[in-house]
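Asks: I have a structure here, written as structure tokens, and I will follow up with some questions on it.
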Amino acid sequence: MPSDLDLHLILDNSSTHKSPPVQRWLRRHPRFHFHFTPTSSSWLNLVERWFRDLSQKQIRRGSFDSVDALPAAIAQYLATYNAHPTRFTWTKDADMILAKIDRCKAALGTPH
């Protein structure tokens, strides 16, 4: 990105993103702005959605008779998923998503 542009980064609420070393780094790099997803909004994080799908479609449905069987089942899921990838498409427009975030923040009483 051009160095004259501010960068706005959307992160989950992990405490590591708010740690003193990160805060010091942000003070030294004022063009970076962190915005945090609301607590309990894993549906906004596509990585968490993917792991939810892995868990629901492969792990919870499986029966594993050995420790080695679980990584094998995960590898099988990955092979199938990668052979037929699908692009994630939001079904709601940005205004609807932002309105839901505002409702969540109000319900949780959090400004983030």
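The values are calculated or read from the model by the stated rules, or taken from the named source; none is laboratory data. This is a predicted model, so every value here is computed, not measured. In this analysis, Cβ positions are derived from the backbone assuming ideal geometry, glycine residues included, and neighbour counts consider all displayed protein chains. Heavy atoms of the whole protein, side chains included, go into the accessibility calculation; ligands, DNA and RNA do not. Shrake-Rupley method; radii C 1.70, N 1.55, O 1.52, S 1.80 Å.
Asks: Carbon and sulfur together cover what percent of the accessible area of the chain at a 1.4 Å probe radius?
Replies: C and S fraction of accessible area: 58 percent.
Asks: Any idea of residue 100's accessible area? Nearest 10 Å², probe 1.4 Å.
Replies: Answer for residue 100: close to 90 Å² accessible.
Asks: Computed over the Cα atoms, what is the radius of gyration of the chain divided by 2.2 N^0.38 Å, N being its residue count? Walk me through the numbers on the way to the answer.
Replies: Working: Rg = 18.8 Å, N = 112, 2.2 N^0.38 = 13.2 Å.
In units of the 2.2 N^0.38 Å rule of thumb, it is 1.42.
Asks: While we're here: Compute the accessible area per residue over the stretch 1-94, keeping the other protein chains in place, probe 1.4 Å, unit Å².
Replies: 78 Å²
Asks: Computed FRET efficiency, Cβ-Cβ of residue 31 and residue 90, R0 30 Å: what is it to the nearest 0.05? Don't jump to the answer; show the numbers that get you there.
Replies: Numbers: r = 27 Å, r/R0 = 0.91.
The calculated FRET efficiency here is 0.65.
Asks: How much accessible surface area, in Å² rounded to 10, belongs to the heavy atoms of residue 108 with a 1.4 Å probe?
Replies: Only protein atoms counted, so the area is about 100 Å².
Asks: Evaluate the charge dipole of the chain about its Cα centre and quote only its size in Debye, nearest 20, assuming +1 on the Cβ of each Lys and Arg and -1 on the Cβ of each Asp and Glu.
Replies: Here the chain has a charge dipole of around 240 debye.
Asks: Now a separate question. In debye, nearest 20: dipole of the stretch 68-112 around its Cα centre with unit charges on the Cβ of K, R (+) and D, E (-)?
Replies: Working: 5 positive and 4 negative charges, 32 e Å.
Here the stretch 68-112 has a charge dipole of around 160 debye.
Asks: Right, something else. For the chain, build the charge dipole from Cβ charges (+1 Lys, Arg; -1 Asp, Glu) around the Cα centre, then report which of 91, 67, 3 sits farthest towards its positive end.
Replies: 3
Asks: Please list 67, 47, 22 in order of solvent-accessible area, largest first, computed with a 1.4 Å probe with all protein chains present.
Replies: Largest accessible area first, the residues go 67, 47, 22.
Asks: Within straight cross-link reach of residue 92, meaning Cα distance under 27 Å, which lysines are found once same-chain residues fewer than 8 apart are removed?
Replies: Filter leaves 57, 100, 105.
Asks: Whenever you get a sec, line up 64, 51 from highest to lowest accessible area (probe 1.4 Å, protein heavy atoms).
Replies: Order by accessible area, largest first: 51, 64.
Asks: Can you pull the accessible area of residue 91 for me, 1.4 Å probe, Å² to the nearest 10?
Replies: 130 Å²
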